[in-house]
1. What number of residues within segment 373-399 satisfy the criterion of being aromatic (Phe, Trp, Tyr), assigned to a helix (DSSP H, G or I) and either open to solvent by less than 40 Å² (accessible area, probe 1.4 Å) or more than 12 Å from PHE309 (Cα to Cα) (or both)?
2. Is at least one residue of segment 400-422 modelled with pLDDT under 80, farther than 30 Å from ALA19 by Cα, exposed (fewer than 13 other Cβ atoms within 10 Å of the Cβ) and not hydrophobic (A, V, I, L, M, F, W, C)?
3. Could you list, ordered by first residue, the pairs with Cβ atoms under 6 Å in which the first is in segment 248-263 and at pLDDT below 80 and the second is of a type in the set (Lys, Arg) and surrounded by 12 or more Cβ atoms within 10 Å (Cβ to Cβ), at least 6 apart or interchain?
4. Tell me, yes or no, whether segment 65-80 has at least one residue that is over 30 Å from ALA240 (Cβ atoms), open to solvent by 20 Å² or more (accessible area, probe 1.4 Å) and not acidic (Asp, Glu).
5. For ALA298, work out the one condition from (1) touching a residue at least 24 places away in the same chain (Cβ under 8 Å); (2) surrounded by fewer than 22 Cβ atoms within 10 Å (Cβ to Cβ); (3) in a helix (DSSP H, G or I) it doesn't fulfil.
6. Does LEU123 count as open to solvent by less than 30 Å² (accessible area, probe 1.4 Å), outside any loop (DSSP other than H, G, I, E, B) and at negative phi?
7. If you take the residues in segment 161-170 that are more than 17 Å from the chain's Cα centre (by Cα) and among the aliphatic types (A, V, I, L, M), which one is nearest to ALA281 (Cα to Cα)?
8. Whether any residue in segment 153-173 is crowded, with 16+ Cβ neighbours inside 10 Å and closer than 30 Å to PHE42 by Cβ is what I want to check.
Amino acid sequence: MRRVLGRGLLATPISRVSALVFVIAAFAGFSVMSYVIIRQYFGGTGLLEPVLQVANVSVGFWSLIAYTLIRVLFMKADELLGLSFNLPVTNKERTLAFALFESSIVFLMTVFVFGAFSISTVLVEGLAYIPKVLASIWFPALSTYLLLSLGYYLLERALLAFRISRLRGLIVPLVLALGLAVVFPYTNEQSTQIAESYVDGRDYSSPALFYSKLQEDIGLWCSLLVLLASSAAIIPAVMAAAPANYVPVRRFFALLPSQLARYRFGTYMLVLFRSFETMVAVSFIAVYSIFAWIQHLALPPYALILITFQGIYAYSNSEPLRRMAVNPGRTLANYVCLAGSQGVLLIAVAIPVGAISAAQGVAWEASLPVAGFCFSNILISTLIGIAFPPEKGNPFTVLVGMVLTVIVVMIVMLGLNIFNFIPTVNVAILAAMNLLVAFYSILGMQRMERVARHEMAA
């Protein structure tokens, strides 16, 4: 905690208090919105029972999303463990302590996903719904997280046995993406069957509803005892499966020839294409595209949005180029290289993904707005990465950048939808906004370069 709160955005007490107030205010607003919607559409209708069951079967999917996000972010958090290498602790103790720290973040994300729904359901239906909410949402979420942790450490053991543990930065995201691809259709199928069972007036049973069925048939105490017993069995298994050896993650893969380093733009491309974040994003996009092809999902290539978050890392990852170069170049040229390399990456990924969407029957006219939105998001995320550069080994600064990017993009999209302009006006507004974003990005880079020069002179 001292490592996380002692640097960057969270280093000052005012920033920490502001971040805490922002999180509490966001959760409160989310809860109020959830309460209004549930009371308006489900209050007094008796429909909350099947809705709670649908939420129950989706707990595993959302828990896997939270676990995937945190796991991928924390794979680059080796510096958070730096202090522990000077202490008399084993790698198993280090791994379990890090898992405890990581689990607290997963818990906070789960609270944001299901907390507002749980509170709203209890407020609408009364205190008698507390046992149902606990058995339908929170008990399955805890068991799912423990099972995911056990599966991850077993995978780590297998990678160590095959001597490919350094490649877990590539293998683990692929496995997690495949898990999401498998769980998503299962969750949709379960939700559909629950709705059909409610309409037909029959009960529906599923392994995902295990805790809720125990609570309904026997009582909450039985569900709690089963949860404690299963946790008592899984936690020692997690401790036993934790690897005894620590192997650093390989941070990049040589995908492009090194001869590109002769040119400034080629150097920026090498930094981007070889980065850990690019590898993870492309892995997820590839798995999603294959999944869409198998499931016959005729949707525009929305998965390309994942590649646009590279802008959060683009400035900080390429910082050594500007500090080490004999001729650091003009700010405008550096920004063109920064944004242009991301544009090349977007085109390189968009061509095969767009071809798969076109083969599924999606018109090119439907994919072009997605490409335009992705390019705009690249510029916005690059500006966020310049204003709030993520720190090496501190995944919380990355979360701040992601949250700010999503907030800015959502505000812009919501404003355009509210005013309902014609497409030509929307394009003009987005173009003007992109020019403004690029202008402020260049100003921010100039300021950061001045600070760097003064530090080197001092």
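1. 2
2. yes
3. ARG250/ARG166; PHE252/ARG274
4. Looking through segment 65-80, none of the residues is over 30 Å from ALA240 (Cβ atoms), open to solvent by 20 Å² or more (accessible area, probe 1.4 Å) and not acidic (Asp, Glu).
5. Among (1) touching a residue at least 24 places away in the same chain (Cβ under 8 Å); (2) surrounded by fewer than 22 Cβ atoms within 10 Å (Cβ to Cβ); (3) in a helix (DSSP H, G or I), ALA298 violates only (3).
6. no
7. Top of the filtered list is LEU167.
8. For segment 153-173, residues crowded, with 16+ Cβ neighbours inside 10 Å and closer than 30 Å to PHE42 by Cβ: absent.
The values are calculated or read from the model by the stated rules, or taken from the named source; none is laboratory data. Please read all numbers here as calculations on a predicted model, not as lab measurements. Cβ: placed from backbone, ideal geometry, glycine included. Neighbour counts: every protein chain shown. In case anyone asks, the SASA skips ligands and DNA or RNA and just uses the protein heavy atoms, side chains included. Shrake-Rupley method; radii C 1.70, N 1.55, O 1.52, S 1.80 Å.
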